[in-house]
Structure formats: C-alpha cells, structure tokens
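One structure below.
Since every read-out is calculated from the coordinates, none of them should be taken as a lab result. The structure displayed is predicted, hence computed values, not measured ones. Here Cβ is always computed from backbone atoms with ideal geometry, including for glycine, and neighbour counts include all displayed protein chains.
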Amino acid sequence: MKVTVMGLGLMGTALAEALLRNGHETTVWNRSPAKAAPLVGKGAAQARTPAEAVAASDLVIVCLSVYANVQDVLDEAAGALAGRTVANLTNGTPRQARAMAERVAGHGADYLDGGIMAVPPMIGNPGALVLYSGSRRAFDAHRGTLEALAGARFLGGDAGLAPLYDLALLSAMYGMFGGYYHAMALVGTEKVTAEEFTPMVADWLTAMLAGLPGAARHIDGGDHATEVSSIANNAAGFPNLVDAARDQGIGTTLLEPIGELIDRAYAEGHGADALTRLVELIQNPRPE
Ligand code: NDP
C-alpha cells in the first residue's frame, strides 16, 4: 500500500518506520525537511510540499503537534485531498476532531481521527493501540495498513469519539501519575528512595484496580450504596493526607481538589455513599 506520513517528530518518525518495516511504499513530509533523511535512508520517498505528500498516497497519516498545524498543512494541500483518506493522529479534543472531519469532508476526502495510546518505541510492537473514529468506510479500507502501526480499534462514526476516549484514558493516567509523584515527594521527605518505595506503590495500585469493575457498576447503575468505604469515612480521613503533606513541608496542590470534592459530596448529603458518587459531582460542577 502507498501511505504518506506528514509530521516527522518523535511519533511521526516511529509511524513511518513501522510502515517501512511492513513493506509499505511510504512518502514522508515534514516542515523541517532534514528530519526526513534517516527515513529516506530506509526507503521512504520525501515530498517537498504538503500537496505533493497528499497526492502521493490514498492514505495520508498526519501527526503534528496540535490541530492548528494540521489545519494549516491540510489547507496548503487542499487541492490534492479529494478521494483520499486523512487519518489525523494528532492529539486534540472532540470538538476539534468534529470540526476537522467537516473541513476534510468539504475537500472531498474521508476522515479518520485517531488517538494514539502508546509512546513512540511501542509503535509497531505488541501492546500499542490506536483508537479511531470517523469514516467506517475508510477504516475498513485501510485497516490492514493501520494495523502495521498498532492494534486498531474503531469506536464509531462520530469523529469526536477517538479523542474523547483518548483524553479520558489520559485523564486516568495523569491522575494516577499525579498520585504517584505526590507519594514519592512525601516519602522522600524522610529519605525513602523512589526505587525502594515504588514496588510497594505498584502492588497497592494493582490491588486497588481490582475494584474498578465494581465501581463501574455503581457509576452506571447510579446506586452508590457501600459497605466498604463511605464518603463520610473518607471525609474524616482525607484531611490527614493534606495535613501530613504540610507537616512534611511539601505541596498540597494535587490533593486539595480531591479533598474539596469529598467535602462537597458529604455536605450535599452523600456521606453514606461510595466515592463513586464523585463522578456525578464532577459532571455537575458548581458555578464558578
Ligand atoms: P514532536 O514535538 O516530536 O513533533 C511535532 C511535529 O509537529 C514535528 O513534525 C513538527 O515539525 C510538527 N510541527 C509543529 N508545528 C508545526 C507547524 N506550525 N507546521 C507544520 N508542522 C509543525 O511531537 P510528537 O511527534 O511526539 O507528537 C506528535 C503528536 O502525537 C502530538 O499530537 C502528540 O500529542 C501525539 N502523541 C505523542 C506521543 C509521544 O509519546 N510522543 C504519544 C501519543 C500521542 P518540525 O520538525 O518542523 O518542528
């Protein structure tokens, strides 16, 4: 298959390399042309302009920093877009993806939005996943090629779905990493090393993850009754986390918003519920 990759940053380069390894006829384009040299050495063709890059292949994979760059680059290539598929793997929001889908369709091309759930070294290797949404026809036509990059999962015809899932997964990841960084800062005040403490964190988080399917049932069913750990218990205990951080002289920035949500749930009469009740509070923020 002929495939174009536009954007040869860390991720775009990994995507192009995976396509070349799988024997695809790959054309590459990058704003700074020098980044294409190693790929050309591995058999890629280098396009001089965005229009030339788009014209080279039926499938055009775009992976730039932000959507504004994608818009500029595709506008430059607008005349060449008709009849092709644009798979935009740039990280963005559902609103941006829907607008891009409309814009690309306006130029007569099919549009797939993609959320890459991997870091560059994972591309082309087991464990990497890309979430897609948008044109089902384009996904079905190019699935085999896209699978050279990572496992490919189609979420639906609304282009906004891939970024929605992507950002939700990243939200869960950042929450977990934020908690981990705070934990390291806390034990570090007593000279406990990260290397020493991290295995205990990993075991603890793994044990806690076992509770997620039960949490999902609470959230979907709207029934937050618990015999295990109530908001009242947590409202009583959580201030210890904040107080200990202050006593040890470290920041509380990551903890306070969680404490505020627990306090709000308690104040609104949800003391007997499980923490899963917080999902509804997040969905209904207090007016600023
Ligand atoms: P890099 O910063 O390494 O590369 C950015 C790319 O965007 C380069 O090709 C750069 O071109 C191009 N670019 C920036 N501004 C413009 C512009 N104004 N016009 C044209 N091209 C421009 O980022 P990554 O490759 O890491 O990330 C690319 C996308 O992939 C991002 O949306 C990122 O969120 C997503 N992603 C990245 C992951 C990662 O771990 N790296 C993981 C999952 C998703 P130039 O070389 O000329 O500067």
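Enclosing the Cα atoms of region 173-281 in their convex hull gives a volume equal to 107 cubic angstrom per residue.
Shown for Ser135, Ser230: other C-beta atoms within 10 Å of each C-beta, ranked fewest to most, produce the order Ser230, Ser135. Ordering of 88-95, 240-247 by packing is 88-95, 240-247, highest average first (other Cβ atoms within 10 Å, averaged per residue).
Of the residues Lys191, Lys35, the one with the fewest other Cβ atoms within 10 Å heads the list, and the complete ranking is Lys191, Lys35. A P(r) calculated from all alpha carbon pairs of the chain, with 10 Å bins opening at zero, reads 6, 23, 25, 19, 18, 9, 1 percent. DSSP assigns beta bridges within the chain; of those with both partners inside it, close to 25 percent run antiparallel. Counting every other Cβ atom within 10 Å of each residue's Cβ, Leu212, Leu149 order from fewest to most as Leu212, Leu149.
Express the relative contact order of region 133-283 as a whole percentage, based on alpha carbon pairs under 8 Å and six or more residues apart in sequence.
Once divided by the residue count of region 133-283, the mean separation gives 21 percent.
Give the lysines reachable from Lys191 as a straight Cα distance under 28 Å; neighbours fewer than 8 places away on the same chain don't count. Straight-line reach from Lys191, under 28 Å: no lysines qualify.
Helix 161-188 and the longest principal axis of the Cα set of the chain meet at an angle near 50°.
In the chain, taking the dipole from charged Cβ atoms about the Cα centre, the farthest positive-side position among Tyr67, Val228, Ala45 is held by Ala45. Between helix 136-146 and the chain there is an angle of about 90 degrees, using the helix long axis and the longest principal axis of the Cα atoms. Rounded to the nearest 10 degrees, the inclination of helix 10-21 to the longest alpha-carbon principal axis of the chain is 50 degrees.
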